[in-house]
Amino acid sequence: MTALAIRNGHLIDPAAGIDAPKDILLKDGKVVEIAGPGKLKSANGAEVLDATGLTVAPGLVDIHVHLREPGQGYKETIATGTAAAAAGGFTSVAAMPNTIPVNDSPETTRWMLAPERNASIRVFPIGAATRGSKGEAINDFAALKSAGAVAVTDDGHPILKDGVMRETLAAAARVGLSVIQHAEDTRLTKGCSMNAGPMAFKLGLRGMPPEAESGLVERDIRLVSELRDARVHLHVAHTSTAAAVAAVRQARRNGLRVTCEVAPHHFLLTEEHVGLYSTHAKMNPPLRSAADRDAMIEAILDGVVDAIATDHAPHATHEKEVEFENAPNGITGLETALGLCLRWLHKEWKLPLGRVLSLLSAQPAALLGLKGRGTLTVGSFADVVVFDPKAEWTYRAADTRSKSRNTPFDGWTLQGKVRWTISEGRIAHRGNGQSSIKP
Amino acid sequence: MATVIANEDPMNATAAPVRRPIHPPPVAPSHFPYNAGSLLSVQDLTLEAISHLLSRATALEEMDPLARDRILLKRRIALLFYESSTRTRTSFELASKSLGADTTLVSSLSSSIEKGETLKDTGLTLRALGAEAIILRHNSSGAPWLLEEVTRLPVLNAGDGMHEHPTQALLDLRTILQRLRHSIDTVAEDTLSGVTITIVGDILHSRVARSNMLLLPRLGAQVVLCGPLPLLPELAAGVGPGIAIERDFESALGRSQVVMMLRIQAERLAGLQLDLEEYKAGYQLTGQRLAALAPSAVVMHPGPIIRGMELTAGVADGVQSAILEQVRNGVAIRMAVVERALTMNGGRA
């Protein structure tokens, strides 16, 4: 493989504490040298990418995406989903197991990882915690792990039974896997299609109470504390309520290994964005109240949130063009995450760029134990995103690389334009009108 | 606007907290209604538009049927009904035909809807068949907005899920004006000042209640919602101004000039456990209660009534009952609404 030298850029590698002008050399899929501008020693013959005025950072890591394969290739394929990810600056995505069939077996996990899937970037399958994600019989986590699974979850189908959840946490800990919980007490959300509150009442829609989320988070934290095993790791997916974040914050103060992620739509949008039944504002967990949204921002700024994850959930146009109550949950998010985080978390709410990038790479990579990802120290994987941090642009859903266009962010102004996304030393995405310069 | 404390990292509490205001991204303005002839929500109507509809209702009611017949002669109107209906469907149909229009009824049980056709495709099909307006009754809240967006035809909301039933609120308004006021043709923001209208029963599942509580306070009325907690959540009072909650039926009745009784919607209870005997003891409108607490109040009900449940047969048939006037007013109001649908700039005329 040809070597790739990224010159004249500004390197931000939060995990390594680097925030300085650096040249970086990539070879054989790894980072081989980092030096001051013009100081690379072994760059002879390398293809050069001129990153003048650009930020060079570890490729982004999204630990919560739905790639829809196997089974629902009309919504997304691993090829199209990872192409969208690369366009958004991501070099690693963790794929949720709610496929058809559910990814509850080493065979399905290996199928997802096969070269025939044509992934543009690295895919990390997450295995189902229980057979068919039915919340009853626990899967063979050791076998899933050796096939490539990086965590277990029944995402979309919370594990309600205390005994099953306790056993899932314990069994996953024994093989060194994290348990990701979609925290929703579905006994409280039957037939509901948005957040409970005045807006739902006014629209005549049944509402999901915030307690349906926080109650299950609290239950899970209680189980973690009862297990008294430092290896147990609970990760709360797509946290959306102030009460759930408060529970995570308290668990951490108590020294428990409990982490959480927040999706861009939950720190940007509220139930008001449902407007007059916009199905692009329908997801699960739903858009919440302004107080909950503000609590998400606060939790990100004060460090309780460990990762920004998109919950990229593509659906075909015909599936979303139906009555609000009948529309499937979810929106796409891979192409808009970086631009929204820079526009709002960084520019508007003044979160330092390094911390934004850490939430999008170093922290999620560490959370799932993705070794050599989320940092650009010598010897790490050559997963890099090079972007113009100042460029403002308008996102157009029609131009997406995803197979689906179900986004509430169509027409939004984003900040930060991806110039190159490099996955293990290979250019996986080139931004508009840019090309590399041959020496 | 909220204020957050930044840099309070519990893992690394070195930085001093900084309070800062949060300016969130704005909510985009609505594009609805796409067609000026549509009636999706009572909120789409200005007081002027309401006055116009009321005066047209009177004019059309009084007009020579043969002259009226020419107003929408041979225009095509589709009635698309996903739920059963007696009053609304019949009165929309009679109203359309009184104006000379051709109507066709598509109901979910005798059409391709049974075969899985989507609302979008059914709407586009009706448009291709020449429908110039669609009157929609649907079990899903918000369905008329979807239909309007995809067909861009005038869409008249004949009841959507638990959301709205705007023509019912208009005909209720006409009924109230007939009983309590001299003029039934114009309204202003003080037309109903001093009038307390109590809506009783299953507010949670009622589109009639939502449309009325959004409409009547705009004319100065005080709307009181009355019912047990499972059928009337506290946040209902937050829907708009001029709405209050009173759990005690007799206390509410004592200060009401109008009392609207609602049916318990068994089809929408969704697992809610309700003791009907207890409900009747607390909220049934009986002759005794009416005589003792509101001997001159107007008794209304959007129908269908369940005699012996929310009200007794004697009250339904009594002199204070305006239930059949409501039905009669339905035809007049719907003539005005259908005329508006096809003569605003969205229509051909």
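The values are calculated or read from the model by the stated rules, or taken from the named source; none is laboratory data. This structure is a prediction, so every number in the text was calculated from the model and none was measured. Here the Cβ positions follow ideal geometry from the backbone for every residue, glycine too, while neighbour counts run over all protein chains shown. With ligands, DNA and RNA removed, areas are computed over all heavy atoms of the protein, side chains included. Shrake-Rupley method; radii C 1.70, N 1.55, O 1.52, S 1.80 Å.
Working from label points 7 Å from Cα in the Cα-to-Cβ sense, the B:L229 to A:K190 distance is 2.0 nm. The solvent-accessible area of B:C226, taken with every protein chain present and a 1.4 Å probe, is close to 0 Å².
Distance from the alpha carbon centroid of the stretch A:55-122 to that of the stretch B:284-338 works out to 60 angstrom.
Rounded to the nearest 10 square angstrom, A:W412 shows an accessible area of 50 square angstrom against a 1.4 Å probe.
Taking the C-alpha atoms only, the angle from helix A:162-174 to the longest principal axis of chain A is near 30 degrees. Protein heavy-atom accessible surface, 1.4 Å probe, per residue over the stretch A:251-345: 23 Å².
Efficiency by 1/(1 + (r/R0)^6): what FRET value for A:R253 and A:D229, r their Cβ-Cβ distance, R0 = 22 Å, to the nearest 0.05? Walk me through the numbers before you get to the answer.
Details: r = 19 Å, r/R0 = 0.86.
Rounded to the nearest 0.05, the efficiency is 0.70.
Residues whose amide H comes within less than 5 Å of that of A:G303, counting only those at least five positions distant or on another chain, are absent (H built at 1.01 Å from N in the peptide plane). Put B:L272, A:L338 in order of accessible area, highest first, and with a 1.4 Å probe you get B:L272, A:L338. Each of A:S133, B:S30 has its accessible area taken with a 1.4 Å probe; listed largest first, they run B:S30, A:S133. Could you pull out the pairs from A:K320/A:K417; A:K145/A:K190; A:K350/A:K390; A:K350/A:K371; A:K282/A:K347 whose alpha carbons sit more than 23 Å apart here? Distance filter (> 23 Å) returns A:K320/A:K417; A:K145/A:K190; A:K350/A:K371; A:K282/A:K347.
Run through the DSSP bridge list for the stretch A:58-367 and note the antiparallel percent, rounded to the nearest 5.
Numbers: 1 of 26 bridges.
Here the antiparallel bridges make up roughly 5 percent for the stretch A:58-367.
With both residues required to sit in the protein assembly as shown, DSSP beta bridges show an antiparallel share near 35%. Across B:L40, B:L276, B:L180, mean-square fluctuation computed from a Gaussian network of chain B (C-alpha pairs under 10 Å connected) peaks at B:L276. Return the single residue from B:E234, B:E267, B:E117 with maximal mean-square fluctuation; model: Gaussian network over chain B, springs between Cα atoms under 10 Å. Top of the fluctuation ranking is B:E267. As a test of the formula, what do you get for chain A when each DSSP H run with n ≥ 4 contributes -39,500 (n - 2.57) and the sum is divided by the residue count, at 222 nm and rounded to the nearest 500 deg cm²/dmol? Per the formula, -7000 deg cm²/dmol. Derived scalar couplings between HN and Hα for the stretch A:386-396 equal 10, 9, 8, x, 9, 5, 9, 8, 9, 7, 10 Hz in order, rounded to whole Hz, by the Karplus curve 6.51 cos²θ - 1.76 cosθ + 1.60 (θ = phi - 60°), x for Gly and Pro. Excluding ligands, DNA and RNA and using a 1.4 Å probe, chains A and B jointly bury around 3300 Å² of accessible surface, summed across both partners. Computed with every protein chain present, the accessible area of A:E392 is close to 100 Å² [probe 1.4 Å].
For chain A, the longest principal axis of the Cα atoms and the long axis of helix A:210-227 meet at an angle of about 80 degrees. Once the C-beta distance of B:E325 and A:T394 is scaled by a Förster radius of 60 Å, the resulting FRET efficiency is 0.60 to the nearest 0.05.
What average count of beta carbons from other chains do you get within 10 Å of the Cβ of residues in A:198-209? Could the numbers behind the result be given before it?
Numbers: counts 8, 3, 4, 11, 12, 8, 14, 6, 7, 2, 0, 0.
Mean shielding count: 6.
Taking every DSSP bridge with both residues inside chain B, close to 15 percent are antiparallel. The residues of the stretch B:142-184 expose, per residue, 22 Å² of accessible area to a 1.4 Å probe. Okay, helix-only estimate at 222 nm for chain B: each DSSP H run of n ≥ 4 adds -39500 (n - 2.57), divide by all residues, round to 500 deg cm²/dmol; what do you get? One gets -10500 deg cm²/dmol as the mean residue ellipticity at 222 nm. Of the residues B:Q43, B:Q273, B:Q326, the one that moves most in a GNM of chain B with alpha-carbon contacts below 10 Å is B:Q273.
Charge dipole (Cα centre; +1 on Lys/Arg Cβ, -1 on Asp/Glu Cβ; no other charges) of chain A amounts to roughly 840 debye.
Relative to the globular-protein estimate of 2.2 N^0.38 Å, the Cα radius of gyration of the protein assembly as shown stands at 1.09. Distance between the modelled labels on B:E48 and B:L129, one decimal in nanometres: 3.7 nm (7 Å Cα→Cβ projection). Helix A:290-301 axis versus longest C-alpha principal axis of chain A: approximately 40°, rounded to the nearest ten.
Full extension of the segment from B:Q265 to B:A244, taken as 0.36 nm per residue of separation minus the current Cα-Cα distance, would add 5.3 nm. Couplings for the stretch B:321-335, taken from phi via the Karplus curve 6.51 cos²θ - 1.76 cosθ + 1.60 with θ = phi - 60°, read 6, 10, 4, 7, 5, 4, 4, 4, 5, x, 5, 4, 4, 6, 4 Hz in order; Gly and Pro are left as x. State, as an integer percentage, the relative contact order of the stretch A:58-367 based on alpha-carbon contacts under 8 Å between residues 6 or more apart. That works out to 17 percent.
Given axes a ≥ b ≥ c from the Cα gyration tensor, I'd like to know whether chain B is rounded (a/c under 1.5), prolate (a/b larger than b/c) or oblate. Taking the square roots of the gyration eigenvalues as a ≥ b ≥ c, chain B is oblate.
To put it simply, the accessible area of the stretch B:232-341 at a 1.4 Å probe is 56 percent carbon and sulfur.
With a sphere of radius 14 Å drawn around the Cβ of A:I63, what net charge do the other residues whose Cβ falls strictly inside it have (Lys, Arg +1; Asp, Glu -1)?
Values: positive: A:R122, A:R373; negative: A:D62, A:D155, A:E261, A:D306, A:D311.
Neighbour charge sum, excluding A:I63 itself: -3.
Tell me which lysines have Cα within less than 22 Å of B:K74's Cα, excluding those fewer than 8 residues away on the same chain? Filter leaves B:K97.
Using a 10 Å cut-off around each Cβ of peptide B:143-152, what is the average number of partner chain Cβ atoms that fall inside?
On the way: counts 6, 2, 6, 9, 1, 1, 3, 1, 0, 0.
Rounded to a whole number, the mean comes out at 3.
Restricting the calculation to Cα atoms, every distinct pair contributes to the Kirkwood radius of chain A, found to be 21.7 Å. Each Cα pair under 8 Å and six or more residues apart adds its separation to the average, and for the stretch A:346-404 the resulting relative contact order is 16 percent. Sorting the segments B:312-319, A:396-403 by their residues' average number of neighbouring beta-carbon atoms within 10 angstrom, most packed first, yields A:396-403, B:312-319. Each label point was placed 7 Å from the Cα along the Cα-to-Cβ direction; for B:R70 and A:D410 their separation is 4.6 nm. Take each residue of peptide B:224-235, count the partner chain Cβ atoms within 10 Å of its Cβ, and average: the result is 1.
Partners of A:K39 within straight-line reach, counting lysines whose Cα lies under 18 Å from its Cα and excluding those fewer than 8 residues away in the same chain: A:K22, A:K27.
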